[in-house]
Ligand SMILES: [Cu+2]
């Protein structure tokens, strides 16, 4: 019986992780698993992460992002400048190379939500859009995970 219960548990985990994975197709682009982190009550900013894969033969470019949860949304990069981790807005967006991908992840590229209208709550989700130079605009849903390491990197704001 113990073996049976273990199998049932593993099965439930597999279903849960499938439900958690989500992806969006837009022309030659795939946008994988947009997610965000819960923020403390008074936090002015939050960040979004995802992976964009380009199956096409021409480069594309993420030119802008938007979301209803904040006054402003920017595309940011984290980099070490003079030994200090800083972030900067990428006004030209980010190229998604043909046959390649761009990962937005903690400590690297991220979508920055500036001027949050409400805290980003754990286990919730919110909608946003991503606009690419060639492929156009796609609506995505960011799934919110709990607070955790890496969030401190946003103290630079
Ligand atoms: Cu940022």
| note | Counting only residues that are at pLDDT below 95 and not in a loop (DSSP other than H, G, I, E, B), the stretch 16-32 contains a total of 5
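Filtering the stretch 68-85 down to residues that are buried (at least 17 other Cβ atoms within 10 Å of the Cβ) and part of a strand (DSSP E or B), which residue is modelled with the lowest pLDDT? So that I can check it myself, show each step before the final result.
Keep residues of the stretch 68-85 that are buried (at least 17 other Cβ atoms within 10 Å of the Cβ), which gives 69-70, 73-76, 78.
So of that shortlist, the ones also part of a strand (DSSP E or B) come out as 70, 73-76, 78.
Numbers: 70: 97, 73: 98, 74: 98, 75: 98, 76: 97, 78: 92.
That would be 78.
Could you tell me whether residue 48 is modelled with pLDDT of 95 or more, farther than 14 Å from residue 134 by Cα and not in a strand (DSSP E or B)? Can you show your working first?
Working: modelled with pLDDT of 95 or more: yes; farther than 14 Å from residue 134 by Cα: yes; not in a strand (DSSP E or B): no.
No, not satisfied.
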| query | Of the residues that make up the stretch 92-105, is at least one within 11 Å of the ligand (Cβ to nearest atom) and surrounded by 14 or more Cβ atoms within 10 Å (Cβ to Cβ)? | reply | yes
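Right, residue 65: out of contact with any helix residue (DSSP H, G or I) (no Cβ under 6 Å at 6 or more places or on another chain), surrounded by 16 or more Cβ atoms within 10 Å (Cβ to Cβ) and touching a residue at least 40 places away in the same chain (Cβ under 8 Å) or not? Working first, answer last.
Values: out of contact with any helix residue (DSSP H, G or I) (no Cβ under 6 Å at 6 or more places or on another chain): yes; surrounded by 16 or more Cβ atoms within 10 Å (Cβ to Cβ): yes; touching a residue at least 40 places away in the same chain (Cβ under 8 Å): yes.
When the stated conditions are applied, residue 65 passes them.
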| note | All conditions in (1) in contact with a helix residue (DSSP H, G or I) (Cβ under 6 Å, 6 or more places away or on another chain); (2) closer than 18 Å to residue 32 by Cα are true of residue 103 except (1)
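Sort out which residues of the stretch 68-80 are touching a residue at least 12 places away in the same chain (Cβ under 8 Å) and either within 13 Å of residue 49 (Cα to Cα) or within 14 Å of the ligand (Cβ to nearest atom) (or both), and write them in order of number. Reasoning before the result, please.
Keep residues of the stretch 68-80 that are touching a residue at least 12 places away in the same chain (Cβ under 8 Å), which gives 68-78.
Those that are touching a residue at least 12 places away in the same chain (Cβ under 8 Å) and either within 13 Å of residue 49 (Cα to Cα) or within 14 Å of the ligand (Cβ to nearest atom) (or both): 70, 72, 73, 74, 75, 76, 77, 78.
The values are calculated or read from the model by the stated rules, or taken from the named source; none is laboratory data. Quick caveat: nothing in here was measured; it's all calculated off a predicted structure. All Cβ positions, glycine included, derive from the backbone under ideal geometry; neighbour counts span all protein chains shown.
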